[in-house]
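Colleague: Supplied in structure tokens, the structure appears directly below.
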Amino acid sequence: MKETAIEVRNLNHFYNRHQSLKNINLEVYRHEILAIIGPAKSGKSTFLTCLNRMSDLIPGARVEGQILIDGQDIYRPEVDVVALRRKFGMVFATPIPLPMSIYENVVYGVRLAGKNNRPELDRLVEDSLEKAGLWNEVKDRLRISALKLSGGQQQRLCLARILALKPEYILLDEPTSGLDPISTMKIEDSLRRLKQNYTIILVTNNTKQAARVADRTAFFLMGELVEVAETEIIFTRPTDKRTEAYLEGKFG
Amino acid sequence: MTDLRKSDRLIKLGLLMIAFSAISALFVITLFIFEQGGPIMFKYGLKSFIFGQDWYPSEKIFGLWPMIVGSLMVTLGALIIGVPLGLATAIFLAEFSSRRLARILKPVIELLAGIPSVVYGFLGLMFLIPFIRENLGGPGLSVLAASIILGIMILPTVISISLDSIRAVPDCYREGSIALGATRWQTVRMVVLPAARSGILAAIILGMGRAIGETMAVIMVAGNAAEIPSSILQPVRTLTSNIALEMGYAAGEHRQALFATGVILFVIIMVLNTIANLTASRQGKR
Ligand SMILES: Nc1ncnc2c1ncn2[C@@H]1O[C@H](COP(=O)(O)OP(=O)(O)OP(=O)(O)O)[C@@H](O)[C@H]1O
Ligand SMILES: [Mg+2]
């Protein structure tokens, strides 16, 4: 049966006095794609940032509850946050390559971890770009600034950059919201291939995308997890009326 | 309707004239300096004027080399002291301090720019000079003293401009870097500083312009001997000091030689300004 990778227990999140996540309970299985859908401001991005503790960086943000990874709560005080963040690769809505070359973008995180062996880095760059489906387009110009790539290429570069770190989990926050259909398709293809080796959580404002790639889908509404189930079930016979209303485009 | 248009035209004409007179004033000043200082440079030879080691105006020996070296030494010294300090402060305020602290400190630092230079010179004379004389030797009035005072005087420029350019780096770069497992400091070093590079360069060059042009404070602490100092503990005279010290009594060719000093200073500052503008416009393009 499915093995649990991440277990979220009674998670509450606040921005100062505003409660942005309300008592979330959710399991994420290993090597699945879990899609999170829901209207704007429903707490989807906030949920992702709780998982790798990027939420720590926002002044006034506060978390209650537990998130267990391999059975250990990541909010224990002795957790090494930098090491934790390395287990998660995160891709944001706007592709944000760092202002350096394609090559340097891919090896950035690895260099930070202290690895500098040139042939090893070369291999890593090829491998990561390959997995992200970008290698063929850039292999002759790895030294040009990453800012010169098109939006779709930049987004795949951002994917390659986290793959180079060999994360266990990949978090994507509306990764294709700014991309054209063909770039979107390329990203979705990469995700399908990647799920063999990675656990993927995909926040998307495009319900069709969830239907296309996700094994399971969770529906968030105003900070609550309304329901989570096999994608097919969510889209054909959801248990909650609110899910049905959302999928029919009644709000959001 | 027509009245409005008429007054509009008048205002436009007025502004044009003001702008024109401001620019022509600058132009006239430049022309005047070159007209006064130019001929004597060619009379005694550009080479001996610039590279001559001796400055004895009463004997008509006009070598500006000691002052050129002096200006460059003191400016370099100011940068060595002011830039690391200023940059570190800017990084701290932009990346590591609480927003409240930065909001309080930034105006305070900018206020430092408003203190008259004679006050800096006076403080240097009172505290720094005796300190150097007693602890490091030499007369106290020295390259070192001038560098330290100037280094402090350029801090506001270096801090506020580099702070602005560090803050202009979009937050998404920082988040991207941190999400890749970088620490705050690694993010600053590898992403933020390179991205703010040209703004920081402009800050350094403007600080340099400030240091090379400063006169009063330097005269008070530098000792002003017109010879190339043998160590940083020896006195030094800068180009600006040379003009200010002797203008009061100079006449004839001596006076013209001081204008020529101005010409050299003018050229050096023009070069620095051009570099600053070029880097600033490159920053704008990115
Ligand atoms: N930095 C912040 N400070 C304060 N409140 C915030 C912050 N970020 C988000 N919020 C609030 O938290 C709630 C959840 O926001 P979140 O960004 O997680 O929603 P989302 O589902 O990702 O929305 P979207 O589809 O617009 O990205 C919203 O009410 C939002 O206003
Ligand atoms: Mg969001």
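Taken together, the values in this text are just the output of simple stated rules run on the coordinates, not laboratory data. This structure is a prediction, so every number in the text was calculated from the model and none was measured. FYI the Cβ positions are ideal-geometry reconstructions off the backbone, even for glycines, and counts take in every protein chain you see.
Colleague: Hey, any hits in the range A:38-53 for a residue that's surrounded by fewer than 17 Cβ atoms within 10 Å (Cβ to Cβ), more than 16 Å from ligand 2 (Cβ to nearest atom) and not acidic (D, E)?
Modeller: No, that holds for no residue.
Colleague: Exactly one condition in (1) within 14 Å of another protein chain (Cβ to nearest Cβ); (2) under 26 Å from the mean Cα position of the chain (by Cα) is false for B:I148; which is it?
Modeller: Checking B:I148 against (1) within 14 Å of another protein chain (Cβ to nearest Cβ); (2) under 26 Å from the mean Cα position of the chain (by Cα), the one that fails is (1).
Colleague: Have a look at B:G223, B:G199, B:G176 and point out the one that is at positive phi and of a type outside the set (S, T, N, Q).
Modeller: The conditions single out B:G223.
Colleague: Here is a check on your reading of the model: is A:I201 among the hydrophobic types (A, V, I, L, M, F, W, C) and either more than 16 Å from ligand 2 (Cβ to nearest atom) or over 14 Å from the mean Cα position of the chain (by Cα) (or both)?
Modeller: no
Colleague: So, one more: In the range A:9-33, which residues are crowded, with 18+ Cβ neighbours inside 10 Å and within 16 Å of ligand 2 (Cβ to nearest atom)?
Modeller: Correct list: A:H13, A:S20, A:L21, A:I24.
Colleague: Mind telling me which of the residues A:V106, A:V125 ends up being in a helix (DSSP H, G or I), among the hydrophobic types (A, V, I, L, M, F, W, C), closer than 18 Å to A:P167 by Cβ and within 14 Å of another protein chain (Cβ to nearest Cβ)?
Modeller: The unique qualifying residue is A:V106.
Colleague: A further question on this structure: Looking only at residues that are buried (at least 20 other Cβ atoms within 10 Å of the Cβ) and away from ligand 1 (no atom under 15 Å from the Cβ) in the range A:196-212, which one is nearest to B:G176 (Cα to Cα)?
Modeller: A:I200
Colleague: Does A:R216 satisfy the condition of being buried (at least 18 other Cβ atoms within 10 Å of the Cβ) and more than 16 Å from ligand 2 (Cβ to nearest atom)?
Modeller: Considered against the rule, which asks whether it is buried (at least 18 other Cβ atoms within 10 Å of the Cβ) and more than 16 Å from ligand 2 (Cβ to nearest atom), A:R216 comes out as yes.
Colleague: On to the next question. Restricting attention to the range A:171-187, and to residues there that are in contact with a helix residue (DSSP H, G or I) (Cβ under 8 Å, 6 or more places away or on another chain) and more than 23 Å from A:T49 (Cβ to Cβ), which single residue is nearest to ligand 2 (Cβ to nearest atom)?
Modeller: Per the stated criteria, the residue is A:T184.
Colleague: If you scan the range B:156-188, which residues turn out to be within 10 Å of another protein chain (Cβ to nearest Cβ) and in a helix (DSSP H, G or I)?
Modeller: Answer for the range B:156-188, where residues must be within 10 Å of another protein chain (Cβ to nearest Cβ) and in a helix (DSSP H, G or I): B:D171, B:C172, B:Y173, B:R174, B:E175, B:G176, B:S177, B:I178, B:A179, B:R184, B:Q186, B:T187.
Colleague: Within the range A:77-96, restricting attention to residues that are within 8 Å of another protein chain (Cβ to nearest Cβ) and assigned to a loop (DSSP other than H, G, I, E, B), which residue is surrounded by the fewest Cβ atoms within 10 Å (Cβ to Cβ)?
Modeller: For the range A:77-96, the residue satisfying everything is A:T94.
Colleague: Which numbered condition in (1) near ligand 1 (Cβ under 10 Å from one of its atoms); (2) within 14 Å of another protein chain (Cβ to nearest Cβ) is the only one that A:K44 fails?
Modeller: The failed condition is (2).
Colleague: A further question follows. For the range A:154-174, how many residues are crowded, with 22+ Cβ neighbours inside 10 Å and more than 13 Å from chain B (Cβ to nearest Cβ)?
Modeller: 1
Colleague: Given the criterion within 13 Å of ligand 1 (Cβ to nearest atom), crowded, with 19+ Cβ neighbours inside 10 Å and of a type outside the set (D, E), identify the matching residue among A:G223, A:G178.
Modeller: None of the others qualify; the one that does is A:G223.
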